[in-house]
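The values are calculated or read from the model by the stated rules, or taken from the named source; none is laboratory data. Bear in mind the structure is a predicted one, so any value in this text is a computation, not a measurement. For neighbour counting, all protein chains shown are included, and Cβ atoms are generated from backbone atoms with ideal geometry for every residue, glycine included. Note: accessible area is taken over every heavy atom of the protein model, side chains too, but ligands, DNA and RNA are not part of it. Shrake-Rupley method; radii C 1.70, N 1.55, O 1.52, S 1.80 Å.
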Amino acid sequence: MPSSAATGSVPLRRLLVPLLLSCALVVGATGCGGGDKGGASSSASPSGTSSAEAQKFAKTRFVTNAGLAAGATYQWIVKPYRAGKFKKGADGRTFALVKAGLAGGFTYNRLKAAATNAKGDPLLSKAVAPLTAGIESLKGLGTKLRKGEAGEGDIGAFESVINNIKSAGSSAGADVKDKVPTTSQLGG
């Protein structure tokens, strides 16, 4: 395959892939909203559950969301970074950066959901509450990864937050195991 830098033109495929992935994210994000307040929303209200069941569900949802965040971080951010996939000139760099950017956004989203889930269990809520600032610090790192501007400190920030969430979960009796999301989950 000839180098596009030598010819001065960018292949159409290189321009379309990030555009299509961005569009998929926007469509997925807007399609997941629950703005409709009519009809079927009343059947979704969790009535009739005891507080013990609600706490159990909160822990289960926390473990699921935190596990997906941990799996995405390791699989598509930490592992490729350590393998040198983000370095200029690396084979498959663009694809690795796009996936890392998507994984960064996904991780932030799942960690926010896990923090919200933790509020349903008093012990878990106390353990996770100090970590919300760390989760917020990840907000723009997905974009930074996708643009290829992330460094060792940024990757370390992801690892640190994930490890702190895992520790907080363990201390509250909610052991978090890495669960690698599918690419369709990653993209929306």
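Among what's in the stretch 69-84 and is over 18 Å from T132 (Cβ atoms) and touching a residue at least 24 places away in the same chain (Cβ under 8 Å), pick the residue that is most open to solvent (accessible area, probe 1.4 Å). Here the residue is Y74.
When K87 is tested against (1) assigned to a helix (DSSP H, G or I); (2) open to solvent by 40 Å² or more (accessible area, probe 1.4 Å), only condition (1) is not met. If you go through the stretch 160-188 and keep only what is open to solvent by 20 Å² or more (accessible area, probe 1.4 Å) and aliphatic (A, V, I, L, M), you end up with just V180. For R93, the stated conditions hold: it is basic (K, R) and open to solvent by less than 60 Å² (accessible area, probe 1.4 Å). Among residues belonging to the stretch 169-186 that are among the small types (G, A, S) and within 16 Å of L111 (Cα to Cα), point out the one that is nearest to the chain's Cα centre (by Cα). Going through the qualifying residues, I end up with G169.
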